[in-house]
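J.: Got a structure here, written out as structure tokens. Questions coming.
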Amino acid sequence: MKIVVTGGLGFIGSHTVVELQNEGYEVIVVDNLSNTSLSVLDGIQAITGKVPAFEKLDLREKKKVQDFFKRHHDISGVIHFAASKAVGESVENPLLYYENNINALVYVLQELQQKTEANFIFSSSCTVYGQAETMPITENASIQTAMSPYGNTKQIGEEIITDTAKVTNINAILLRYFNPIGSHPSAEIGELPIGVPQNLVPFITQTGFGLRKELAVYGDDYPTPDGTAVRDYIHVVDLAKAHVIALQRLLNKKNTEKVETFNLGTGTGSSVLEVIKAFEKVSGKKLPYKIVGRREGDITSAYANTDKANAVLGWKAQSTLEQAMASAWKWEQKIRS
Ligand code: WQD
């Protein structure tokens with residue numbers, strides 16, 4: 001079965017391609033290489049022994065998207081990762097985000113709706129919940145006004161898919177990720193932040209390696225046990241495996257609704273200081289950090305209620321925070337060697 005993975009050379013995309021190949025799927029990776037590099041293909045091959053088909057394609061170019069789907073008339077599903085995802089950048093440059101994250105989605109859906117097998121997995125985010133009232137967060141928690149244009153593109157994306165699935169043969173699953181971290185245990189693929197990392201874990205591993213002087217902890221005055229903000233850090237391989245399970249649910253027509261939604265997290269919240277401690281434990285290094293003011297737009301706490309994914313998908317995250325941090329650290333050392 002042929003599966004198209006858009007953004008398939010990205011952080012979560014590449015790990016999902018590995019898991020799809022492990023399950024015997026034929027994968028076509030589509031990526032515009034704006035936030036990754038072709039060398040990720042070598043990493044995938046090093047793990048699975050198979051190079052996925054690859055086409056460089058910018059999904060904002062409608063004609064090229066039409067042409068791609070005409071040439072690949074026998075695909076069974078699409079997993080759509082391709083999007084810009086830096087919260088801060090989205091505030092500075094909203095139109096880049098609306099064009100890249102919305103137009104591209106629309107063009108892909110316009111082609112997919114013409115296929116007999118129109119199975120669609122969408123990379124969404126817990127950011128759609130904003131600061132949820134109740135922890136852990138369930139899928140029916142209210143969708144708050146987006147905290148950033150990036151978060152808004154995820155909310156709008158979900159609405160576009162829901163409206164489209166109602167009147168087409170598209171079946172979709174929306175996967176709301178919490179905080180993806182870590183790398184494949186082989187250290188052949190991992191997170192490749194370009195420039196100064198915005199996210200916590202790559203900043204920690206770069207600091208641990210000596211590339212950054214110290215970590216700035218954004219606030220220790222939150223109403224949390226140790227005052228630092230709490231998130232649900234999920235190993236990227238656990239996340240990738242959930243995508244394959246969700247796809248198989250659609251391929252086997254097990255979905256009970258045209259659009260189903262699942263939170264993908266560990267179900268456990270960890271504070272920034274706890275993540276630092278986990279890094280120090282697995283690396284044996286003392287991490288230099290300083291407490292500074294809160295970051296604009298950050299929420300206090302977000303961690304997933306994973307009952308639905310556990311019960312309906314039969315999926316549960318396996319890796320602990322320490323295992324995820326150890327894989328992130330192994331990857332950092334590998335790419336700097
Ligand atoms: C985690 C915690 C920071 C950096 C965002 C997006 C989400 C997803 C993941 C795309 C927060 C603190 C961070 C640093 C710090 N992105 N922190 N010092 O903001 O929870 O989620 O990235 O899919 O959609 O919203 O992740 O890793 O940026 O921050 O103290 O240098 O670490 O304040 O509490 P976040 P993050």
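J.: Where nothing but the Cβ of Lys and Arg (+1) and of Asp and Glu (-1) is charged, how large is the charge dipole of the chain around its Cα centre, in debye to the nearest 20?
T.: 480
J.: Hey, in the GNM for the chain with a 10 angstrom Cα cutoff, which one of Q144, Q21, Q323 fluctuates hardest?
T.: It is Q144.
J.: How far, in degrees from 0 to 90, does helix 62-71 lean away from the longest principal axis of the Cα atoms of the chain, to the nearest 10?
T.: With both axes taken from Cα atoms, the answer is about 60 degrees.
J.: Filter the trypsin sites (Lys or Arg not before Pro) in segment 206-254 down to the DSSP loop ones having no more than 16 other Cβ atoms within 10 Å, then list what survives.
T.: Filter output for segment 206-254: K213, K253, K254.
J.: Based on DSSP loop calls and a cut-off of at most 11 other Cβ atoms within 10 Å, the longest stretch of the chain free of exposed GluC sites (Glu not before Pro) is what?
T.: In short, 1-132.
J.: Moving on. Averaging sequence separations of C-alpha pairs under 8 Å and six or more residues apart, then dividing by the length of segment 37-100, give the relative contact order as a whole percent.
T.: Relative contact order for segment 37-100 comes out at 21 percent.
J.: For segment 1-132, give the magnitude of the charge dipole about the Cα centre (Cβ charges: +1 Lys/Arg, -1 Asp/Glu; no others), in debye to the nearest 20.
T.: Dipole about the Cα centre, nearest 20: 240 debye.
J.: Nearest 10 degrees is fine. How inclined is helix 39-48 to the longest principal axis of the chain, computing both from alpha carbons?
T.: That works out to roughly 80 degrees.
J.: Among S39, V201, A216, whose Cα projects farthest towards the positive end of the dipole of the chain, with charges put on the beta-carbon of Lys, Arg (+1) and Asp, Glu (-1)?
T.: S39
J.: OK, next. Listing T261, T134, T306, T16 from the residue with the fewest other Cβ atoms within 10 Å to the one with the most, what is the order?
T.: Placing the least packed residue first, the sequence is T134, T261, T306, T16.
J.: Let me ask something else about it. So what's the angle, to the nearest 10 degrees on a 0 to 90 scale, between helix 272-283 and the longest Cα principal axis of the chain?
T.: Between the helix axis and the principal axis of the chain, the angle is about 90 degrees.
J.: Quick check on the exposure proxy: order V259, V272 from fewest to most C-beta atoms within 10 angstrom.
T.: Listed from fewest to most nearby Cβ atoms, that is V259, V272.
No lab work stands behind these numbers, since they all come straight from the coordinates. Computed from a prediction, not measured in an experiment: that's the story for all the values here. As a convention, Cβ positions derive from the backbone with ideal geometry for all residues, glycine included, and neighbour counts pool all protein chains shown.
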